[in-house]
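The values are calculated or read from the model by the stated rules, or taken from the named source; none is laboratory data. Computed from a prediction, not measured in an experiment: that's the story for all the values here. Reconstructed Cβ throughout: ideal geometry from the backbone, glycine too, with neighbour counts over all protein chains shown. Side chains included, ligands, DNA and RNA excluded: accessible areas come from the protein's heavy atoms. Shrake-Rupley method; radii C 1.70, N 1.55, O 1.52, S 1.80 Å.
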Amino acid sequence: MAIIASNFKTNHTRKSTKDFINNVNDFLTSNSIISDVYIFPTSTALDTFDTVSNLTIGTQNAYATAKGSYTGEIGTEQLDEFKIQTILIGHSERRHILGESQAEIAKKFAFYSELGYKIIYCIGEPLEVKEQGIEKTLEYVYEQFIGIDINYKNLILAYEPVWAIGTGITAINTDITSVHKALKSKIKKPLLYGGSVKVTNVEEICSLDGVDGALIGTASWNLEDFKQIIKNTKDL
Ligand code: PGA
């Protein structure tokens, strides 16, 4: 059964998020789809949503704190209000655009794993590393596990090559399977692929050896496309 996750990034309003989630929820119910589906809205659109047990709402980010003086951040006091228990950690945009270091990421991971959160932990190499070959790619990706408890029970991994995120360039199947195979031999956790996954390629990608589902940005922001993605993978 494929795991399908949608990362809204900085898209959708509070209103459109609510409509989107309710619509996906109805879709899962009326089609008796039991795939695990995750949606990560913006912080401003978090709320209490009445969803089926296989539709989970998570946060794209939060600081390693319950509350305090961290301008622009949210902590568990804000997440608890909506019973959010799922978080994305290590996304490449936070690593490369927002400048989160591996040490900060590890601290966040430790804090949220201590609280029992489901963590989708993202790893992936930039283009200049990929161009140096698979050995260097794996070396780079393994460094993103420094300080991370790979045996954590509520852990899902997402391999997202940075050069494939939001670019329309999907990794070719062998790029995906070689990294997934290596990771799977070391870490026994569900492993998603992310990077320009869309309606037309999701089934093929999710059927590859060692791929347990997809973490999707761009193609998941359109409701009809996201529902089609769920439909295309429901029997895998
Ligand atoms: P994309 O983003 O689907 O737009 O490539 C994937 C991600 O960043 O999770």
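Worth pointing out:
- Residue identified as among the hydrophobic types (A, V, I, L, M, F, W, C) and assigned to a helix (DSSP H, G or I) among Ile21, Ile87: Ile21
- For beta carbons closer than 8 Å, sequence separation of 6+ or different chains, a first residue in the range 167-178 that is over 11 Å from Glu204 (Cβ atoms) and among the hydroxyl-bearing types (Ser, Thr, Tyr) and a second that is open to solvent by 40 Å² or more (accessible area, probe 1.4 Å) and in a loop (DSSP other than H, G, I, E, B), the qualifying pairs are Thr177/Asp209.
- Among the residues of the range 200-228, just one is free of Cβ contacts under 8 Å to residues at least 24 places away in the same chain, within 15 Å of the ligand (Cβ to nearest atom) and either in a helix (DSSP H, G or I) or basic (Lys, Arg) (or both), namely Ala219.
- Any hit, the range 69-82, residues being within 16 Å of the ligand (Cβ to nearest atom) and either outside any loop (DSSP other than H, G, I, E, B) or in contact with an Asp or Glu (Cβ under 8 Å, 6 or more places away or on another chain) (or both): no
- Restricted to the range 89-110, and to residues there that are touching a residue at least 40 places away in the same chain (Cβ under 8 Å) and under 21 Å from Pro190 (Cα atoms), the residue that is surrounded by the most Cβ atoms within 10 Å (Cβ to Cβ) is His91.
- Any chance Pro190 is in contact (Cβ under 8 Å) with a residue 12 or more places away in the chain, closer than 17 Å to His96 by Cβ and of a type outside the set (D, E, K, R): no
- Unmet criterion (only one of (1) within 17 Å of the chain's Cα centre (by Cα); (2) within 15 Å of Gly58 (Cα to Cα); (3) not aromatic (Phe, Trp, Tyr)) for Leu79: (1)
- Elements of type strands (runs of 3 or more DSSP E) in the range 111-199, at least 2 residues being in contact with a Pro (Cβ under 8 Å, 6 or more places away or on another chain) and either away from the ligand (no atom under 15 Å from the Cβ) or open to solvent by less than 30 Å² (accessible area, probe 1.4 Å) (or both): 155-159
- Taken together, Asn7, Asn61 contain a single residue that is under 14 Å from the mean Cα position of the chain (by Cα) and open to solvent by less than 20 Å² (accessible area, probe 1.4 Å), which is Asn7.
- Residue list for the range 28-42, restricted to those being surrounded by fewer than 21 Cβ atoms within 10 Å (Cβ to Cβ) and in a strand (DSSP E or B): Asp36
- Residues within the range 213-228 that are open to solvent by less than 50 Å² (accessible area, probe 1.4 Å) and within 18 Å of Tyr159 (Cβ to Cβ), tallied: 7
- For the range 69-85, the set of residues classified as in contact with a strand residue (DSSP E or B) (Cβ under 8 Å, 6 or more places away or on another chain) and open to solvent by 10 Å² or more (accessible area, probe 1.4 Å) consists of Ile74, Phe82, Gln85, listed by residue number.
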